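Contents: one structure, followed by commentary.
Every read-out reported here was derived from the displayed coordinates using simple, explicitly stated rules and does not represent laboratory data. No experiment lies behind these values; they were computed from the predicted model shown. Heads up, the Cβs are rebuilt from the backbone with ideal geometry, glycines too, and the neighbour counts pull from every protein chain shown.
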Amino acid sequence: MAAEPSSNRCGSCGVEVAGRPERCPSCHRRFVTSTQVRVSGVLLSVIGAALSVGMAYLLVVVAQAMRPSGSAARGAFTGTPRDATLIFAILGGVLALGVTSLVTGVWQVTVGRRSLLLSALVLVLGLVVAALAILFLPQGQ
Ligand SMILES: [Zn+2]
């Protein structure tokens, strides 16, 4: 994994290119160096790890609040089972998004390339979570 200083490696297809062209001459995608891919990979990993830990924690907290046998002291859940399912679906979706972001980030840092599949997966999960939240969360009426 020795990085050449004079030439850049395409972060999409891995081909080595002199300088920094607008588009990769090999795969014709917007040229992003493997260094840039690694930097964004670090960002993705950090965000993904934070999301995963945060959501895992929230899931535990919510699960405990919903436990019916608990003394109904603090944070007792008052919603319907449907609400509970939705909350778990959204939290679980964000958790999946976090884990996928983390995996994608670690992949980008180690390989120095983008994974089209993983990026698409992150995008799809993000859209699903956003759609779930938009469709079901503001049901106050
Ligand atoms: Zn390329």
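Using 0.36 nm times the number of residues separating residue 89 and residue 56, minus their current alpha carbon distance, what extension gain do you get? Provide the component values of the computation, followed by the final result.
Numbers: separation 33, 0.36 × 33 = 11.88 nm, distance 1.26 nm.
Stretched out fully, the residue 89 to residue 56 stretch lengthens by 10.6 nm.
Report the relative contact order of the chain, percent, no decimals, based on alpha-carbon pairs under 8 angstrom and at least 6 residues apart. Before the final figure, lay out the partial values.
Details: 166 pairs, mean separation 39.4, N = 141.
Averaging sequence separation for qualifying contacts and normalising by length gives 28 percent for the chain.
Summing -39500 (n - 2.57) over the DSSP H runs of n ≥ 4 in the chain and dividing by its residue number, what mean residue ellipticity at 222 nm do you reach, to the nearest 500 deg cm²/dmol?
Working: 3 runs with 85 residues, N = 141.
When only DSSP H runs of four or more count, the value is -21500 deg cm²/dmol.
Report the extension gain between residue 115 and residue 133 in nm, rounded to one decimal, defined as 0.36 nm multiplied by the number of residues separating them, less their alpha carbon distance. Let's see the in-between values first.
Details: separation 18, 0.36 × 18 = 6.48 nm, distance 2.69 nm.
That pair, residue 115 and residue 133, stretches by 3.8 nm at full extension.
Mind giving me the nanometre distance, one decimal, between the label points for residue 43 and residue 29, set 7 Å out from Cα along Cα→Cβ?
Between residue 43 and residue 29, the label points sit 1.6 nm apart.
How large is the Kirkwood hydrodynamic radius of the chain, in angstrom, based on all distinct alpha carbon pairs? Intermediate values should be presented prior to the final figure.
Details: mean 1/r = 0.0572 Å⁻¹.
Evaluated over the chain, this radius sits at 17.5 Å.
Would you please give the residues with an amide H less than 5 Å from that of residue 11, counting only those at least 5 places away or on a separate chain, with H modeled from the backbone geometry?
Placed amide hydrogens put 32, 33, 34 under 5 Å from residue 11.
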